[in-house]
Amino acid sequence: MKSLKSLLLVGAILATTLPLMAQQKRVSPHETISSTIDGNRVTIVYGRPYTKDPHSGEARKIWGGLVPYGQVWRTGADEATLLITQKPIVMGGTTIPAGAYTLYSLPMEDGTAKLIVNKQIGQWGTQYDESQDLARIDLKKDALEKTADQLQIGLSKNSGGGGLLKIGWENTQYSVAFTVQK
């Protein structure tokens, strides 16, 4: 019964936010990923831009170019990236209650970056309201083994327990571990 309620909650959130978010013209393909980590379903809905410009076909510099350093980025394309968690999760020492959130990123020129968890949902990706931030969480930066021509966000189980959120594009991957609050 509890899992049915959770499934209905996720469905209701998606049903109400996706039509609002898609009102502007999308440029990139979109993907929904979902994983169950320690009994908690985590879902992410995001736009997957390519390294190549969709209009000219020319390759673009991603980090420090298309995604400028020192500026909040929508962590995807088109509408803002949506995170849904059925149970509270702890990321970077911050508890994120069950519910739906928008994910933004803040990459810096020195290689550091933060994941911004924002309470406002349903907006186009560039409509960022800092007053709605729930948390700013440090991300770990690594080099990708293989260049990613398209943005990829992944969720996986962490070998030490909990999960791992990964954001990879071009030749860089940012990640953050999380645990499910008991």
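The values are calculated or read from the model by the stated rules, or taken from the named source; none is laboratory data. The shown structure was predicted, so the numbers you read here are calculated from the model rather than taken from an experiment. Here the Cβ is made from the backbone with ideal geometry for all residues, glycine too, and neighbour counts use every protein chain on show. Quick note on the areas: whole protein, heavy atoms, side chains included, nothing else; ligands and nucleic acids left out. Shrake-Rupley method; radii C 1.70, N 1.55, O 1.52, S 1.80 Å.
Looking only at the range 150-182, count how many residues are over 11 Å from the mean Cα position of the chain (by Cα), crowded, with 17+ Cβ neighbours inside 10 Å and over 15 Å from ALA113 (Cβ atoms).
Here the count works out to 6.
Quick check: anything in the range 101-110 small (Gly, Ala, Ser) and closer than 19 Å to LEU164 by Cα?
Yes, some residue in the range 101-110 is small (Gly, Ala, Ser) and closer than 19 Å to LEU164 by Cα.
Against the condition without any contact (Cβ under 8 Å) to a residue 60 or more places away in the chain, in a strand (DSSP E or B) and of a type in the set (Ser, Thr, Tyr), how does TYR104 come out, does it pass?
Yes: the conditions hold for TYR104.
Of the numbered conditions (1) of a type in the set (A, V, I, L, M); (2) open to solvent by 60 Å² or more (accessible area, probe 1.4 Å); (3) modelled with pLDDT of 95 or more, ALA59 satisfies every one except a single condition; which is it?
(3)
Which pairs have Cβ atoms under 8 Å, sit 6 or more apart or on different chains, and link a residue in the range 109-120 that is closer than 18 Å to GLN173 by Cα to one that is part of a loop (DSSP other than H, G, I, E, B) and not hydroxyl-bearing (Ser, Thr, Tyr)?
What qualifies is GLU109/GLY64; GLU109/GLY70; LEU115/GLY92; ILE116/VAL72.
Out of the residues in the range 77-91 that are at pLDDT 95 or above and not β-branched (Val, Ile, Thr), state the one that is surrounded by the fewest Cβ atoms within 10 Å (Cβ to Cβ).
Going through the qualifying residues, I end up with PRO88.
To keep it simple, each residue is scored yes or no on (1) at pLDDT 95 or above; (2) open to solvent by less than 60 Å² (accessible area, probe 1.4 Å); (3) acidic (Asp, Glu); (4) out of contact with any strand residue (DSSP E or B) (no Cβ under 8 Å at 6 or more places or on another chain).
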{"residue": "SER105", "(1), (2), (3), (4)": "yes, yes, no, no"}
{"residue": "GLU109", "(1), (2), (3), (4)": "yes, no, yes, yes"}
{"residue": "ALA113", "(1), (2), (3), (4)": "yes, yes, no, no"}
{"residue": "ASN118", "(1), (2), (3), (4)": "yes, yes, no, no"}
{"residue": "ASP138", "(1), (2), (3), (4)": "yes, no, yes, no"}
{"residue": "LYS141", "(1), (2), (3), (4)": "yes, no, no, no"}
{"residue": "THR147", "(1), (2), (3), (4)": "no, no, no, no"}
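Would you mind telling me which numbered condition in (1) touching a residue at least 24 places away in the same chain (Cβ under 8 Å); (2) in contact with a Pro (Cβ under 6 Å, 6 or more places away or on another chain) ARG74 fails?
(2)
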